[in-house]
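One structure below.
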Amino acid sequence: QVQLVESGGGLVQPGGSLRLSCAASGLTVDSYHMRWYRQATGKERELVASIRTTGDINYADPVKGRFTISRDNAKNTVYLQMNSLKPEDTAVYYCNAVLYNMYWGQGTQVTVSS
């Protein structure tokens, strides 16, 4: 059974940082394309960052230069380091794994507010 468990969300002031973690079981993070999505209240879910099985990385334009996606194969975990956070980054962040099947985590809330 595949499980993706996100953690690391919380309340942070504008300009602050958070690191999200996505711990995987039932699959290995280097054998799936791993992605972080986010969904703000009243908006559609959007792709934030992705790391392919090849190691190729892509970011959505709003987070380029501020967010960094990485994976630790030994810990079977994917991370999203978020720096210089803005109020518009407030959303529920979801971990996603896709290859022949697609799996989602339960999400973790990130709130950027003073």
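The values are calculated or read from the model by the stated rules, or taken from the named source; none is laboratory data. Everything numeric here is computed off the predicted structure, so don't read it as measured data. Because the Cβ atoms are built from the backbone with ideal geometry, glycine has one as well, and the counts that use them run over all protein chains shown. Side chains included, ligands, DNA and RNA excluded: accessible areas come from the protein's heavy atoms. Shrake-Rupley method; radii C 1.70, N 1.55, O 1.52, S 1.80 Å.
Miscellaneous remarks
- Pairing residues of region 98-111 that are closer than 21 Å to Pro14 by Cα with residues that are open to solvent by 90 Å² or more (accessible area, probe 1.4 Å), at Cβ distances under 8 Å and at least 6 apart in sequence or on separate chains, gives Thr111/Leu11.
- Taking residues in region 50-66 that are of a type in the set (Gly, Ala, Ser) and surrounded by 13 or more Cβ atoms within 10 Å (Cβ to Cβ), and partners anywhere that are at pLDDT 95 or above and outside any strand (DSSP E or B), the pairs with Cβ atoms closer than 9 Å and at least 6 places apart or on different chains are Ser50/Asp56.
- Residue in region 3-12 that is in contact (Cβ under 8 Å) with a residue 60 or more places away in the chain, touching a His at 6+ places or on another chain (Cβ under 9 Å), among the small types (Gly, Ala, Ser) and surrounded by 13 or more Cβ atoms within 10 Å (Cβ to Cβ) present: no
- Residue ranges of strands (runs of 3 or more DSSP E) in region 1-87 with at least 3 members of a type outside the set (Ser, Thr, Tyr) and modelled with pLDDT of 95 or more: 3-7, 10-12, 18-25, 33-39, 46-51, 67-72, 77-82
- For the residues Arg71, Arg35, Arg45, Arg19, the requirement of being under 14 Å from the mean Cα position of the chain (by Cα), of a type outside the set (Phe, Trp, Tyr), open to solvent by 50 Å² or more (accessible area, probe 1.4 Å) and farther than 25 Å from Asn101 by Cα singles out Arg19.
- In region 88-114, the residues that are farther than 27 Å from Thr54 by Cβ, open to solvent by 10 Å² or more (accessible area, probe 1.4 Å) and outside any strand (DSSP E or B): Glu88, Thr90, Gln106, Ser113, Ser114
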